[in-house]
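Worksheet for the structure shown next.
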Amino acid sequence: MQIKPIQTRYKGYHFRSRLEARWAVFFDALALEWEYEPQGFELPSGLYLPDFKVSYPDQKNCWFECKGALEDVRSDEWARMIEFEEAAGLIVLDGVPDCRMYLSPTQICERVKGEFDEPLALVRPYSASKHIPPHNRFGFALWSYKGRPWADEHENFFGTYYDDIGAYDIALAVAKARSARFEHGQQGAT
């Protein structure tokens with residue numbers, strides 16, 4: 001039996017699921033400028049429409065894809081996400097917002113070590129790895145062990161605007177996103 005997501009309205013957008021709407025509430029709570037499905041792309045593996053384009057105050061744009069259970073993502077979907085990641089960068093937001101790490105498609109998919117100390121190679125058909133290290137410091141984190149946000153060791157997705165943001169701000173944004181109500185025609189948190 002396939003469970004269908006509930007389409008949801010929030011801030012004039014018609015989201016395909018409440019999960020996507022919750023991420024929009026999260027971005028709003030951090031005062032981040034976002035667009036929902038602003039543009040589709042034609043890739044060698046097929047058409048791809050990322051869920052969110054988030055613009056940061058330092059003019060950096062980041063792309064995000066919302067997914068429920070990673071084990072339900074098909075190999076062809078992973079292929080498109082991986083291609084898009086290589087071209088423009090992409091982070092997969094799996095599940096409802098939480099104070100944890102979110103990774104790129106290539107970091108999520110199963111990998112095997114090549115011969116003679118070659119780097120890890122992605123396994124086809126693509127699928128989510130069952131052994132994603134929980135403390136991997138690469139990706140998009142909503143919380144660090146130091147109580148401040150960080151994204152990866154080379155580049156901070158939050159930019160200079162968020163130098164002063166703390167664990168409390170992120171926890172509050174997570175709480176707002178999780179508590180947003182969309183039932184009975186409500187428009188979510190404002």
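The values are calculated or read from the model by the stated rules, or taken from the named source; none is laboratory data. Since the model is a prediction, treat every value here as computed from it, not as a measurement. FYI the Cβ positions are ideal-geometry reconstructions off the backbone, even for glycines, and counts take in every protein chain you see.
A few remarks follow.
- Test: residue in the range 82-96 that is under 19 Å from R9 (Cα atoms) and either assigned to a strand (DSSP E or B) or in contact with a Cys (Cβ under 6 Å, 6 or more places away or on another chain) (or both): no
- Just one of the numbered conditions (1) free of Cβ contacts under 8 Å to residues at least 24 places away in the same chain; (2) touching a Leu at 6+ places or on another chain (Cβ under 9 Å) is not true of A79: (1).
- For the range 33-56, residues that are of a type in the set (A, V, I, L, M) and modelled with pLDDT of 95 or more total 1.
- Condition met for L30 (under 30 Å from E183 (Cβ atoms) and modelled with pLDDT of 95 or more): no
- Test result for Y13, at pLDDT below 95 and within 16 Å of Y102 (Cβ to Cβ): no
- On inspection, E35 passes the criterion of being assigned to a strand (DSSP E or B) and out of contact with any helix residue (DSSP H, G or I) (no Cβ under 6 Å at 6 or more places or on another chain).
- Residue in the range 108-127 that is modelled with pLDDT of 80 or more and not in a loop (DSSP other than H, G, I, E, B) present: yes
- Any chance Q7 is polar (S, T, N, Q) and under 30 Å from R181 (Cβ atoms): yes
- Subset of the range 76-98 that is under 14 Å from Y126 (Cβ atoms) and loosely packed, with under 14 Cβ neighbours inside 10 Å - its residue that is nearest to the chain's Cα centre (by Cα): E86
- One residue alone among F41, F26 is among the aromatic types (F, W, Y), in contact (Cβ under 8 Å) with a residue 40 or more places away in the chain and over 24 Å from A175 (Cα atoms), and that residue is F41.
- When residues of the range 19-75 are limited to those that are farther than 19 Å from D94 by Cα and of a type in the set (S, T, N, Q), the one farthest from the chain's Cα centre (by Cα): S45
- A count restricted to the range 12-23 and to residues that are touching a residue at least 40 places away in the same chain (Cβ under 8 Å), touching a strand residue (DSSP E or B) at 6+ places or on another chain (Cβ under 6 Å) and closer than 22 Å to R80 by Cβ stands at 3.
- Residue ID - nearest to A177 (Cα to Cα), chosen from residues in the range 89-107 that are at pLDDT 90 or above and in contact with a Pro (Cβ under 8 Å, 6 or more places away or on another chain): V92
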